[in-house]
Amino acid sequence: HMRIVLTSAVRFSFDYGVMAASGNQTFKAGDAYEVFPIHEGLVAVLLSDGMGQDIHAYHESRKVIRLMRECLNRKMNPETAMHTLHYMMSLNGLDDMYATLDLALIDLQDGRLWSWKAGSMSTYIKRGNDFLTLESRSVPVGFLPSPSIEAKNEQLKAGDIVIMLTDGVFNGDISLKLQEDALYGILEKYHQSSCEEIAERVFSELERGFK
């Protein structure tokens, strides 16, 4: 007689670093983020960029983060949560206030990254000598009440470096390809550093290189 008990095992761990700066000498950046566990084997990463660079943009992005986290904590399907958030924000009566949203779910059991985007930048993944990109053409939160939202996913491997960023990191007057190539060069140069240092290097060297 044998009894076999199958248990769920968390196979992967992760670390992260954050770099943010305010523009035009403002006290708060327009960006906001949160990283939190939904359960032991699933981590959520939320990144939002409110329109503008003042305190109102910060509050707008914080509002988006807060509402999305509440939806996820209530076990709402991420795609349904994104549609719900679009609808709620489109009713706020402020026609000129929008915020991007980048939602990533990291499955630490299966090692898979799920990505939902609303007006946000691409997510870049460095894997050995290769670079992968997760893109989206969805509009920012609040721009349309019922936008098309597409989930993308990528099987991660041990040692992968995942970069999520807002559009303030890149310069809109310079070729995107040139800036992406510069990003890849920075990741190649510092890939063995801590996550905090990689975040700082990406921010500072891209800003310095394209002034």
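The values are calculated or read from the model by the stated rules, or taken from the named source; none is laboratory data. Fair warning: this is a prediction, and the values are worked out from it, not measured in the lab. Here the Cβ positions follow ideal geometry from the backbone for every residue, glycine too, while neighbour counts run over all protein chains shown. The area values use the complete protein model at the heavy-atom level, side chains included, leaving out ligands, DNA and RNA. Shrake-Rupley method; radii C 1.70, N 1.55, O 1.52, S 1.80 Å.
Only one of the listed residues (87, 33) is at pLDDT 90 or above, open to solvent by 90 Å² or more (accessible area, probe 1.4 Å) and not small (Gly, Ala, Ser). That residue is 33. Residues of the stretch 154-193 that are within 19 Å of the chain's Cα centre (by Cα), of a type outside the set (A, V, I, L, M) and open to solvent by less than 40 Å² (accessible area, probe 1.4 Å): 160, 166, 170, 179, 180. Restricting attention to the stretch 90-108, the residues that are outside any helix (DSSP H, G or I), at pLDDT below 90 and surrounded by 15 or more Cβ atoms within 10 Å (Cβ to Cβ) add up to 5.
Kindly provide the set of residues from the stretch 153-177 that are in contact with a strand residue (DSSP E or B) (Cβ under 6 Å, 6 or more places away or on another chain), at pLDDT 90 or above and either more than 18 Å from residue 105 (Cβ to Cβ) or not in a loop (DSSP other than H, G, I, E, B) (or both), ordered by number. Scanning the stretch 153-177 gives 153, 154, 155, 161, 162, 163. What are the pairs, 6+ residues apart or on separate chains, where a residue within the stretch 113-132 that is farther than 12 Å from residue 102 by Cβ and open to solvent by 20 Å² or more (accessible area, probe 1.4 Å) has its Cβ under 7 Å from a residue that is not aliphatic (A, V, I, L, M) and not in a strand (DSSP E or B)? Close Cβ pairs satisfying both conditions: 127/157; 127/160; 131/184.
A quick yes/no check of all residues on (1) part of a helix (DSSP H, G or I); (2) at pLDDT 90 or above; (3) hydroxyl-bearing (Ser, Thr, Tyr); (4) under 28 Å from residue 197 (Cβ atoms):
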residue	(1), (2), (3), (4)
15	no, yes, no, yes
28	no, no, no, yes
53	no, no, no, yes
61	yes, no, yes, yes
